Amino acid sequence: MINFLVIGITSIFLLFVFYAVIPTVFIRMTGKGVEKRIQSEAIALTFDDGPHPIYTVQLLDLLKKYGVKASFFVVGSKVEKHPDIIQRMHEEGHAIGIHHYKHVSSWFISPFRLRDELKRTEKAIMDCTKEKAALYRPPWGHLNLFSLFVSKGYKVVIWSHIFGDWRIEKCQNGLLDSLRSATEKGSIFVLHDCGQTVGAEIEAPKYMLEKLEIYLDETTNKGTKFVTLKNI
C-alpha cells in the first residue's frame, strides 16, 4: 500500500514538473516565444494585477503628470468591476494587456481553463476599449506545456527587471535604488498597482508609488524615454 502511495505521489510530482516547471524554466531562459526586452533606446514601464480603484487611479495621475506612457496587464474580473479605469487608460494612450481573468497560475490550470482565462479577459478589455488586446503576461510569469500554443495570437511579455514591490519592506528599502540602477535601454520593468494577490501586501502599491514618483522626476528631467508595448 505504501509503495502504491509513493508511486502515486512521485507520478504527480513528475507530471507537474514536466507540465509546469520545465516549460517555464526553458522558455524564460531561452526567450523562446516571449518578449523580455524591447528593441528601443527607451524603457517600458509595465504594471500588473490591477485595476485597483485607488492605486491605479493614483498611478494614472502620476504618469500623466510626467507625460509617461506605460503598459498595464490587467485582471479580467477587476476590469469588469472598474471599466471606467480601463477606459481612462485607453484614452490616455497606455497599452492594455491580459493578465488572466482571475489571478491564477498557469501551473495549476488546464489548457482549456487557460484559453477561457484569456478569452474572458480579452472580452472585458474590448468592452471598455473597443479594441482587441494584443498583449499577454501570465501571472507570476508562470507558463505551462501548452501556454505558447494557447496564447498564439498574442505577444507574450515577461520582463527584464522585476523589483519585488509587492512587499512594503522592499518598497521602503531598496526599490528606488533598484530602479535607479536599471539603466539598460530596451528594458521592460514590472511593478504592481494592486496588492490583492497571493503573497502581496495590500498597501504595497502606496509605497511603490512614492518611490516611482521620485524615479520619474529624476529620469524625465535627465531625458530618459519611456514607451508602451504597443509596437513590440
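A short reminder: the numbers here are calculations on the coordinates, not readings from a lab. Note that the structure is a prediction, hence the values are computed from the model and not measured. With ideal geometry, Cβ positions are generated from the backbone for all residues, glycine too; neighbour counts draw on all protein chains shown.
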Item to complete: Report, by chain and number, residues whose modeled amide H sits under 5 Å from the one on residue 35, excluding near sequence neighbours (fewer than 5 apart, same chain).
Response: 156, 157, 158
Worksheet, complete the sentence: The extension gain from residue 146 to residue 108, computed as 0.36 nm times the residue separation minus the Cα-Cα distance, is 12.5 nm
Worksheet item: After finding the eigenvalues of the alpha carbon gyration tensor for region 31-115, what semi-axes result from the square roots of 5 times each, listed largest first in whole Å?
Response: 24, 19, 9
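In region 114-194, how many lysine pairs have Cα atoms under 13 Å apart, counting only pairs 8 or more places apart or on different chains?
Going through region 114-194 pair by pair, I get 4.
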Worksheet item: Sequence-distant or interchain residues sharing an amide H contact under 5 Å with residue 191, placed H: which?
Response: 46, 47, 48
Practice prompt. Using per-residue counts of other Cβ atoms within 10 Å, averaged over each peptide, order 162-174, 63-75 from highest down.
Written response: 63-75, 162-174
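Please compute the net charge surrounding residue 75, taking Lys and Arg as +1 and Asp and Glu as -1 over other residues with Cβ under 12 Å from its Cβ. Write out the running numbers ahead of the final one.
Details: positive: 78, 81, 102, 120, 137; negative: 48, 49, 80, 117, 193.
Every neighbour counted, the sum reads 0.
Treating only the Cβ of Lys, Arg, Asp and Glu as charged (+1, +1, -1, -1), what charge dipole size does region 44-106 show about its Cα centre? Round to the nearest 20 debye.
Using only the charged Cβ atoms, the result is roughly 40 debye.
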Practice prompt. Return the single residue from 129, 197, 30 with maximal mean-square fluctuation; model: Gaussian network over the chain, springs between Cα atoms under 10 Å.
Written response: 30
Practice prompt. Before anything else, pin down the relative contact order of the chain: Cα pairs under 8 Å, at least 6 apart, normalised by residue count, whole percent.
Written response: 29 percent
Response to the item:
Here the Kirkwood hydrodynamic radius of the chain, Cα-based and in Å, equals 18.3 Å
